[in-house]
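In what follows, a single structure is set out as structure tokens and then discussed.
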Amino acid sequence: MESNGEDASRILREIETLKAAKADIEHRISVLEARLRDIPLPNDAISGVSCSSMSIADSAAGHGLSPDMIYRYSRHLLLPSFGVQGQSSLLKSSILVVGAGGLGAPALLYLAACGVGCIGTVDHDVVELNNLHRQIIHTEAYVGQPKVQSAAAACRSINSTIQIVEHKEALCTSNALEILSKYDLVIDATDNVPSRYMISDCCVVLGKPLVSGAALGLEGQLTVYNYKGGPCYRCLFPTPPPTTACQRCSDSGVLGVVPGIIGCLQALEAIKIASAVGEPLSGRMLLFDALSARIRIVKIRGRLSQCEVCGENATFTQQKFQDFDYEKFTRSPLSTTPLKLNLLPADSRITSKEYNDRLVNGEAHVLVDVRPSHHFNIVSLPKSLNIPLSSLETRMSEISSALKEEEEQKGSNHSGTSIYVVCRRGNDSQRAVEYLHKIGFTSAKDIIGGLESWAHDVDPNFPTY
Amino acid sequence: MQLTLEFGGGLELLCESVKIHSVNVDPQVGEEKLTMKDLLSWVRANLIKERPEMFMKGDSVRPGVLVLVNDCDWELSGQLDTTLEEKDVIVFISTLHGG
């Protein structure tokens, strides 16, 4: 134990020393940044958060690449179809990545590495431990820190010669025009429907090409919108999907490498557009199915002449964009906060703490867990009976026999045995209780907030996911 | 008429999680041609096992579903009026929004 104590104090001292060194370096950086601000640059190249194109000093060869640049990007320069011209264009370009998550992570890393002159990133979220399996730009040290800060630090550590701009805010109609207008092209790496409509509309209004990617489960999709007369998001999807058709990674899961692949392809399309090399994926869509190892590229419709935003007679102005309510249009929130239903009267619900009290008192009851079975396999409460909501109707007999068994064990009569229903967050449990009431189990109650509230209020060691 | 139908982007969940279906669909009695409109009602009656509203709206697909006939958006071939031929591959894919 003594040596452990010594180890701990030695480590603490080392942490203190390193923290002091870190503070010193940060101070020196800010002094240098202040000095840089006072030096006038041609075209106002670096000024605060604005992201105008980087200037490249003229060199003897006439292409403007410095010796360091030639060495760093030599493998690009050696590509006959990319070469000096492609690299110079990249260095002068500016790209905005909206969302520093599963798609944005690899996209940002590649864009920084390959020398895009200015990269901006927008996100209001903080890094969470359950992001790290796919959002490979973030590291454990940044858990709890803003994603843009973490992403910017990673990009700077790969390439200190480019400009990285942090937009630590949620993109919304009041800031989108200002932010997007500073960049040549936009990458949509978001995770929700209203953001996708908003970003596409904003790109149309500002005349910016949009590289759009999406991933969920084991599938991914990719296309380029609003590029040289090609379609916009609304040409393809004039009407938003029903909210029940919009799954999220936090509910449906996602294999980490799948958004990784789509994010890399987004970086590739962005690089092609920025360097004017190759054929961008406009008017076509790439569909990726990881499970069957299949990539399909399909031809999609062109610009719709009657499109409300980019069509011939469209009157969608900047003002209209700012006034447009994307959450109302898509009936889903811009942020990905989980839904909180309130379907039941208060006397048909109990809190997780109340349930715990009844459990401790030995109350005769049956606990039904209505999550899908693969959720139940992750973690469950002891003695709970897993009947997924989708099969509740056909498996009612299992609840009846569980009630009978409990009565025999506890010696209570039928009406004295309660039914409690639990799920992950407390939405499906309410739907299940509604059904149970309808078929005569009128005393069934749901546990408010589900297993998440159990973990929060009763057992902090209970795993959450 | 032999056709290959593929479901993706989550739509496969409506047909018992099977993505690829090799099917035989014939034109209705008295009709010479099989159109996408005919195929949609056949799919709804024979393949969709749950929540049909997640696949169709009215007599077409619901918003957010792309239909591809031989790797080509059905908007380019006449949507519901697209005439199908032997060995055609029809893909129904729900757009993804996650990231």
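Taken together, the values in this text are just the output of simple stated rules run on the coordinates, not laboratory data. These figures come from a predicted structure and were not determined experimentally. We place every Cβ from the backbone using ideal geometry, glycine too, and count neighbours over all the protein chains shown.
How do A:199, B:20 line up, fewest other C-beta atoms within 10 Å first? Before the final figure, lay out the partial values.
On the way: A:199 28, B:20 13.
If I rank by nearby Cβ atoms, fewest first, I get B:20, A:199.
Relative to the longest principal axis of the Cα atoms of chain A, the long axis of helix A:257-275 lies at roughly 20 degrees.
Note on A:242-253: average number of Cβ atoms from other chains within 10 Å of each residue's Cβ is 4.
In the protein assembly as shown, a dipole from Cβ-located charges (positive for Lys and Arg, negative for Asp and Glu) runs towards its positive end, and of A:210, A:171, A:127 it is A:210 whose Cα lies farthest in that direction. When the square roots of the Cα gyration tensor eigenvalues are ordered a ≥ b ≥ c, the ratio a/c for the stretch A:346-458 is under 1.5, which makes its shape rounded. The mean number of Cβ atoms from other chains found within 10 Å of a Cβ in peptide A:141-148 is 0, as a whole number.
Each of B:52, B:3, B:25 was placed along the dipole of the stretch B:1-79 (beta-carbon charges, centred on the mean Cα), and the one lying farthest toward the positive end is B:52. 5 Å is the cut-off here: which amide hydrogens, built 1.01 Å from N in the peptide plane, fall below it relative to residue A:126, excluding neighbours closer than 5 in sequence? Close amide H contacts, sequence-distant or interchain: A:147. Normalising the average separation of contacting C-alpha pairs (under 8 angstrom, six or more residues apart) by the number of residues puts the relative contact order of the stretch A:346-458 at 36 percent.
Taking the Cα centre of chain A as origin and assigning +1 to Lys and Arg Cβ atoms and -1 to Asp and Glu Cβ atoms, the resulting dipole is close to 1440 debye.
For chain A, the longest principal axis of the Cα atoms and the long axis of helix A:428-438 meet at an angle of about 30 degrees.
Which of rounded, prolate, oblate describes the stretch A:161-290, given a ≥ b ≥ c as roots of the alpha-carbon gyration tensor eigenvalues and a/c under 1.5 marking rounded, otherwise prolate only if a/b is larger than b/c? Don't jump to the answer; show the numbers that get you there.
Details: a/c = 1.33, a/b = 1.20, b/c = 1.10.
Rounded, because the longest to shortest axis ratio a/c is under 1.5.
Measuring how big the stretch A:67-330 is from its alpha-carbon positions, Rg and Dmax come out at 17.8, 55 Å.
Considering only DSSP states other than H, G, I, E and B, which GluC sites (Glu not before Pro) in the stretch A:249-317 qualify as loop sites with at most 10 other Cβ atoms within 10 Å?
Details: sites: A:269, A:308, A:312; in loops: A:308, A:312.
Loop-located and lightly packed - A:312.
The modelled label-to-label distance between residue A:409 and residue B:56, using points 7 Å beyond Cα along the C-beta direction, is 4.7 nm. Only helices enter the 222 nm calculation for the protein assembly as shown: every DSSP H run of n ≥ 4 contributes -39,500 (n - 2.57), and dividing by all residues gives -10000 deg cm²/dmol, rounded to 500.
Please give every one of the lysines within straight-line cross-link reach of residue A:299, meaning a C-alpha to C-alpha distance under 26 Å, and leave out same-chain neighbours fewer than 8 residues apart. Here the lysines satisfying the reach criterion relative to residue A:299 are A:208, A:228, A:272, B:19, B:33, B:37, B:57, B:87.
Regarding the stretch B:2-94, what whole-number volume in Å³ per residue does the convex hull of its Cα atoms give?
Details: hull volume 8.3 nm³, N = 93.
It is 89 Å³ per residue.
Take the Cβ atoms of residue A:133 and residue A:305, set R0 to 60 Å, and the FRET efficiency comes out at 0.85. Which lysines does residue A:19 reach when only Cα atoms under 24 Å apart count, and residues fewer than 8 places away in its own chain are ignored? Qualifying lysines at Cα under 24 Å: A:147. Rounded to the nearest 20, the size of the Cβ-charge dipole of the stretch A:213-336 about its Cα centre is 300 debye, with Lys and Arg at +1 and Asp and Glu at -1.
Each Lys or Arg adds one and each Asp or Glu subtracts one; over the other residues with Cβ under 10 Å from the Cβ of residue A:370, this totals 0. As a rough guide to protection, the peptides A:78-84, A:421-427, A:439-445 ranked by mean Cβ packing within 10 Å, highest first, stand as A:421-427, A:439-445, A:78-84. In degrees from 0 to 90, rounded to the nearest 10, what is the angle of the helix A:83-92 Cα long axis to the longest principal axis of chain A? In chain A, helix A:83-92 runs at an angle near 70 degrees to the longest axis. Among the trypsin sites (Lys or Arg not before Pro) in the stretch B:1-81, those located in a DSSP loop and surrounded by at most 13 other Cβ atoms within 10 Å of their own Cβ are B:33, B:49.
Within 10 Å, count the other beta carbons around each residue, average over each peptide in A:104-117, A:131-144, and list them highest first. Numbers along the way, then the final one.
On the way: A:104-117: 25.4, A:131-144: 17.7.
So the peptides A:104-117, A:131-144, ranked by packing, come out A:104-117, A:131-144.
Kindly provide the trypsin sites (Lys or Arg not before Pro) of the stretch A:299-346 that DSSP labels as loop, not H, G, I, E or B, and whose Cβ sees at most 15 other Cβ atoms within 10 Å.
Details: sites: A:299, A:301, A:303, A:320, A:328, A:331, A:340; in loops: A:301, A:303, A:331, A:340.
Answer by residue number: A:331, A:340.
For chain A, the Kirkwood hydrodynamic radius comes to 25.7 Å, computed from all pairs of different C-alpha atoms.
About its Cα centre, what dipole magnitude does the stretch A:285-427 give when the only charges are +1 on Lys and Arg Cβ and -1 on Asp and Glu Cβ, stated in debye to the nearest 20? The partial results should precede the final answer.
Details: 19 positive and 17 negative charges, 151 e Å.
For the stretch A:285-427, the charge dipole is close to 720 debye.
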